[in-house]
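Only the coordinates and a few stated rules stand behind these numbers; no lab work does. Computed from a predicted model, the values in this text were never measured in an experiment. Counting neighbours? That spans all protein chains shown, and the Cβs are built from the backbone with ideal geometry, glycine included.
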Amino acid sequence: MAGLAEHENLFKRRCKWVNGPLIVGAGPSGLAVAACLKEHGVPFVILERSSCIASLWQNRTYDRLKLHLPKQFCQLPKLPFPDDFPEYPSKNQFMDYLESYARHFQLNPQFGETVLSAKYDSTCGMWRVRTAVGRRQAVGRKAEAEYICQWLVVATGENADCVIPEMEGLEKFGGRVIHSSDYRSGEAYRGKQVLVVGCGNSGMEVALDLCHHNAFPTMVVRDSVHVLPRETLGRSTFEIAVSLMKWLPLKTVDRVLLALSWMTLGNIEKLGIKRPSQGPLELKNTQGKTPVLDIGALSKIKSGEIRVVPGVKRFLHGKAELVDHRIIDVDSVILATGYRSNVHSWLQGTDIFNKDGFPRHPFPNGWKGSSGLYAVGFTRRGLSGASLDAVKIAEDIGRVWKEETRQAKHIIACHRRCTSQN
Ligand SMILES: Cc1cc2nc3c(=O)[nH]c(=O)nc-3n(C[C@H](O)[C@H](O)[C@H](O)COP(=O)(O)OP(=O)(O)OC[C@H]3O[C@@H](n4cnc5c(N)ncnc54)[C@H](O)[C@@H]3O)c2cc1C
Ligand SMILES: NC(=O)C1=CN([C@@H]2O[C@H](COP(=O)(O)OP(=O)(O)OC[C@H]3O[C@@H](n4cnc5c(N)ncnc54)[C@H](OP(=O)(O)O)[C@@H]3O)[C@@H](O)[C@H]2O)C=CC1
Ligand SMILES: O=C(O)C(=O)Cc1c[nH]c2ccccc12
């Protein structure tokens, strides 16, 4: 009976056959796969829940954001950044580049379409992808559609949902509480005591921006974090690490990075920032924890303009009680507590993703599953990892597409010959 109901639902929804792969997400990863598919002559459909490309960059980042890796590690395949881009492009420059990338390859995503579920139907050997389309309608329900496709490319990103931790007493706090993805600038916080929870790149950069706007940030470091200078001896620390990794084992590169950081930044443990026991690159590879690439927050910590405190025990009205029992005054809270993948919430019964919505197989083997399923942009290697995935996925699909097209042409030619003979 359930099966029958499911089929009836299928007819109520708009049902569409996709000629080629269906790509979920129009961020840099989805755009990169699509551009590479174009080069292979493979048609595709891109579905994007928001109303623009790269919504993370357009709608969920602060004004002052710049890429923190040098530009050669952040451009997408087949179209380099313009020559006049600086070493670390700004958020607006990066968005302009992505817009021109989408225009150049005529990628045309379908906006306002959220994928609700996707599952492989082994009886027809196809993916069935259910979506909610457009704005909420007057009746309170969104219109739905269903797509049927041979290939499904997951490009929804490592940062699809915000992590909002449950913190005791937050409902009693009374002041403004936002996630760092809703932070644009420190303008609204001038003169205020702001508690920044989290000390990843977002926490550090939000705290720094708050200083630039004469607010008084306090940053919560509940455990440990690696801070590396963005540049060492005038060269990008990331670039140095990439060069060293060609010759040396990861653990040795980590030791070199820590020695270089010590030279540039000094002993950060004195500032209340404990370093993890694993090295920065090892930690990034094993747990996906990105080291902070410092662009100035550390000197503000040294000068006392950013205060560092240990974990928060609970919130009180206008205050926070810390795990060391201190109670501090707080006007506003910014949760720089990170992001998570949303894949587990909509993709059903697959072999490549784990319960956290990341590929089970570590880099470089996480991009391909079975039954025409692919993952792009889940390597924990930023934009350069996404580009590598995109090239491989498009090649893989392109090969099958070419073969199937050849076979189809052959069948059509045979059919024509037969009918002309009769
Ligand atoms: C603040 C910040 C700065 C960063 N800076 C750098 C940097 O300098 N260098 C670097 O290499 N990396 C950086 N990163 C890492 C970042 O992950 C990449 O830059 C990049 O955005 C990843 O692209 P993506 O397409 O995989 O994911 P996203 O950019 O997140 O795109 C995924 C898209 O999928 C859409 N989507 C999600 N779920 C659904 C659904 N169910 N249905 C339909 N659409 C859906 C989203 O709306 C989104 O548009 C940064 C990340 C953050 C948060
Ligand atoms: N300029 C740039 O290019 C920028 C790049 N980024 C990138 O965006 C991605 C996301 O970064 P980010 O948003 O910083 O997220 P991260 O996941 O890197 O950091 C989250 C932070 O929040 C802390 N945290 C989580 N829950 C709690 C809690 N309940 N109490 C206290 N602390 C908590 C974590 O601590 P713990 O480690 O103990 O779990 C960690 O310090 C990263 O890849 C980063 O590199 C971000 C900003 C700028
Ligand atoms: O900024 C990010 O989120 C990235 O993932 C970029 C990145 C990839 N590998 C790294 C190693 C050290 C610091 C940042 C990165």
Item checked: Of residues in the range 274-299 being more than 16 Å from ligand 1 (Cβ to nearest atom) and buried (at least 21 other Cβ atoms within 10 Å of the Cβ), the one farthest from Gly157 (Cα to Cα) -> Leu298
Note to self: Report every pair of residues separated by at least 6 positions or lying on different chains whose Cβ atoms are under 7 Å apart, first residue within the range 238-249 and free of Cβ contacts under 8 Å to residues at least 40 places away in the same chain, second part of a helix (DSSP H, G or I).
What the structure shows: Leu244/Val253; Leu244/Val256; Met245/Val253
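Matching residues to (1) more than 10 Å from ligand 1 (Cβ to nearest atom); (2) closer than 25 Å to Arg230 by Cα:
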residue: Val33; (1), (2): no, no
residue: Leu47; (1), (2): no, no
residue: Trp57; (1), (2): no, yes
residue: Asp63; (1), (2): yes, yes
residue: Ser90; (1), (2): yes, yes
Next item on the list: Would you mind telling me which numbered condition in (1) in a loop (DSSP other than H, G, I, E, B); (2) near ligand 1 (Cβ under 9 Å from one of its atoms); (3) of a type in the set (Phe, Trp, Tyr) Phe81 fails?
Entry: (2)
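Here is a yes/no grid of residues against (1) surrounded by fewer than 22 Cβ atoms within 10 Å (Cβ to Cβ); (2) of a type outside the set (A, V, I, L, M, F, W, C); (3) under 24 Å from the mean Cα position of the chain (by Cα):
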{"site": "Val177", "(1), (2), (3)": "yes, no, yes"}
{"site": "Arg184", "(1), (2), (3)": "yes, yes, yes"}
{"site": "Gln193", "(1), (2), (3)": "yes, yes, no"}
{"site": "Val197", "(1), (2), (3)": "no, no, yes"}
{"site": "Val206", "(1), (2), (3)": "no, no, yes"}
{"site": "His212", "(1), (2), (3)": "yes, yes, no"}
{"site": "Phe216", "(1), (2), (3)": "yes, no, no"}
{"site": "Pro229", "(1), (2), (3)": "yes, yes, yes"}
{"site": "Thr232", "(1), (2), (3)": "yes, yes, no"}
Checklist line | Within the range 164-175, tally of residues that are closer than 17 Å to Cys199 by Cα and surrounded by fewer than 17 Cβ atoms within 10 Å (Cβ to Cβ) | finding: 2
Next item on the list: For the range 182-191, indicate whether the set of residues that are farther than 20 Å from Thr218 by Cβ and of a type in the set (Ser, Thr, Tyr) is non-empty.
Entry: no
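Per-residue answers, yes or no, for (1) among the small types (Gly, Ala, Ser); (2) out of contact with any helix residue (DSSP H, G or I) (no Cβ under 9 Å at 6 or more places or on another chain):
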site	(1), (2)
Gly169	yes, yes
Phe173	no, yes
Arg184	no, yes
Cys199	no, no
Ser224	yes, yes
Lys251	no, no
Ala259	yes, yes
Thr264	no, no
Checklist line | Matching residues in the range 328-380 - criterion: being without any contact (Cβ under 8 Å) to a residue 60 or more places away in the chain, among the charged types (D, E, K, R) and either buried (at least 22 other Cβ atoms within 10 Å of the Cβ) or assigned to a loop (DSSP other than H, G, I, E, B) (or both) | finding: Asp351, Lys355, Asp356, Arg360
Check: Among the residues of the range 332-351, is any more than 30 Å from Gly25 (Cα to Cα), away from ligand 3 (no atom under 16 Å from the Cβ) and of a type outside the set (A, V, I, L, M)?
Finding: yes
